[in-house]
Amino acid sequence: MGVDSDGTEDAGWDVDPEDEQGVAVLSALGRQLRTWREQAGMRASDLGVAIGYGEDLVRKVESGKRIPRPEYLDKADEALGAGGKIRAMKPDMEQVRYPKKVRDLAKLEARAVELSAYGNHNIHGLLQTKDYARALFEMWQPPQTKEQIERGVAARMARRSIFERSPAPALSFVQEEVTLRRRIGGTMVLRRQLERLLEVSQLRHVTIQIMPTDREEHAGMGGLIQVVKFADGSAVGRSEGAFNGRPVSDPRQLRVLEQCHAMIRSQALTPRESMAFIEQVLGET
C-alpha cells in the first residue's frame, strides 16, 4: 500500500506488467469503471473526492495500472449509483489481486484434498499470523518496498481460507524446533505465532509435529518438502533437495517425496508430544 500524489492513502497495488492475465482483467475492469463514471457525468477528480481518494489514483485504476482494494469498488458503486454492478466486479478483481506465483499456489491449495509439508527455516505460510508474515517479508533481501510487503502479507492471509473449506482437506505439517524459537518480529510476535499453532492444532483435519534439534536421525536434510494431492488422484510436490527443486507430478518422483516426508514424520515428536513441546516453548518465550 502506498500514498497517492496528494497524500491520500491509496487503494491497492501496482500491476505487474509481466502478469498477462492480471493486465487483461484489470484493463477490462478499468474500462468499465471509467464508463460508469462518464455516464454519471463525473470527472476523475470528482469521483476521487466522493470516495476519498486522489484523482491520480482514480486514473491509475481506470487505466488498469492499479489493483483496487474491494472497498474502493464498494465506494465507487455507491458514488456512481451503479446499484451493485460495480461491486459485482469483485470476483474478477480477486482473481488477480495477488502476485501470479501466489495465485497459482492458492489454486493448488483450493483443489487439495491432502497437503503434507516439512519446513526448516520458518513457520509454514498457511500457519503464519499476520504479524509473523509481515516480519518475514521485512527480512527479505534485497529489501522489499512497503507496498510489496503489504501485498505479500495480504496474499498469505487470504490463503488461510483453506482451513474453512468443507469438506476440509487433510493438512499435515512438520516444523523444525528452531522455527519455534527464532524470534522473527520480536518476542510478542513469536508468542502470538506459537499460540496460533496451538489453536490450529485443535482442528481435526490438521496435524502439527515438531522435529527436535537433538534428533540424531533426520530424513529432512535435503530441505523443505511439500506434496499436494487432489481428488482425481493426481498430485504435485516439491523438495529443495530433490529433482533440482522443481515441482514434480510424476508418480515415481512423488513417491520419493512422500517416502521422505513419511520418514520425517516418524522421526518427529507425535502430535500430542508436539503440542506439549509448543506449550513449553511458549512458556519459555
Those residues that are in a helix (DSSP H, G or I), over 17 Å from LYS85 (Cα atoms) and either in contact with a Lys or Arg (Cβ under 9 Å, 6 or more places away or on another chain) or open to solvent by 50 Å² or more (accessible area, probe 1.4 Å) (or both), I need them from the stretch 32-46; list them, please.
-> ALA44, ASP46
Out of all the residues in the stretch 101-121, which are among the acidic types (Asp, Glu) and farther than 16 Å from ALA170 by Cα?
-> ASP104
Among the residues of the stretch 179-224 satisfying the criterion of being open to solvent by 80 Å² or more (accessible area, probe 1.4 Å) and of a type in the set (A, V, I, L, M), which is farthest from the chain's Cα centre (by Cα)?
-> MET221
Condition set part of a loop (DSSP other than H, G, I, E, B) and hydrophobic (A, V, I, L, M, F, W, C), scope the stretch 121-176, selection least open to solvent (accessible area, probe 1.4 Å): answer is ILE123
Do the conditions hold for GLY220, that is, is it closer than 29 Å to GLU195 by Cα, in contact with a strand residue (DSSP E or B) (Cβ under 6 Å, 6 or more places away or on another chain) and assigned to a loop (DSSP other than H, G, I, E, B)?
-> yes
Taking the stretch 246-270 and keeping residues touching a residue at least 12 places away in the same chain (Cβ under 8 Å) and either open to solvent by less than 60 Å² (accessible area, probe 1.4 Å) or not in a helix (DSSP H, G or I) (or both) leaves VAL248, SER249, GLN253, LEU254, LEU257, CYS260, HIS261, ILE264, GLN267, ALA268, LEU269, THR270
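Here is a yes/no grid of residues against (1) under 22 Å from the mean Cα position of the chain (by Cα); (2) over 18 Å from ALA40 (Cα atoms); (3) not in a helix (DSSP H, G or I):
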{"residue": "LEU57", "(1), (2), (3)": "no, yes, no"}
{"residue": "GLU78", "(1), (2), (3)": "no, no, no"}
{"residue": "LYS90", "(1), (2), (3)": "yes, yes, no"}
{"residue": "ALA106", "(1), (2), (3)": "yes, yes, no"}
Taking the condition without any contact (Cβ under 8 Å) to a residue 24 or more places away in the chain, among the small types (Gly, Ala, Ser), farther than 30 Å from VAL236 by Cα and part of a helix (DSSP H, G or I), does SER27 pass?
-> no
From the option list GLU240, GLU284, GLU273, GLU279, single residue qualifying as under 23 Å from LEU108 (Cα atoms) and either out of contact with any His (no Cβ under 6 Å at 6 or more places or on another chain) or not small (Gly, Ala, Ser) (or both) is GLU240
Any residue in the stretch 188-199 that's assigned to a helix (DSSP H, G or I): show its pairings with residues that are of a type in the set (D, E, K, R) and open to solvent by 10 Å² or more (accessible area, probe 1.4 Å) at Cβ separation under 7 Å, as long as the two are six or more apart or on different chains.
-> VAL189/ASP131; LEU190/ARG183; ARG192/ASP131; LEU198/GLU279
Open to solvent by 20 Å² or more (accessible area, probe 1.4 Å) and among the small types (Gly, Ala, Ser): does that describe GLY237?
-> no
Out of GLY241, GLY186, report the one residue that is small (Gly, Ala, Ser) and modelled with pLDDT of 95 or more.
-> GLY186
Leading residue by the ranking (modelled with the highest pLDDT) among those in the stretch 17-31 that are surrounded by fewer than 15 Cβ atoms within 10 Å (Cβ to Cβ) and farther than 22 Å from LEU47 by Cα | ALA24
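The values are calculated or read from the model by the stated rules, or taken from the named source; none is laboratory data. Just so it is clear, the model here is predicted, and its values are computed rather than measured. We place every Cβ from the backbone using ideal geometry, glycine too, and count neighbours over all the protein chains shown. These accessible areas exclude ligands, DNA and RNA; they are computed on the full protein's heavy atoms, side chains included. Shrake-Rupley method; radii C 1.70, N 1.55, O 1.52, S 1.80 Å.
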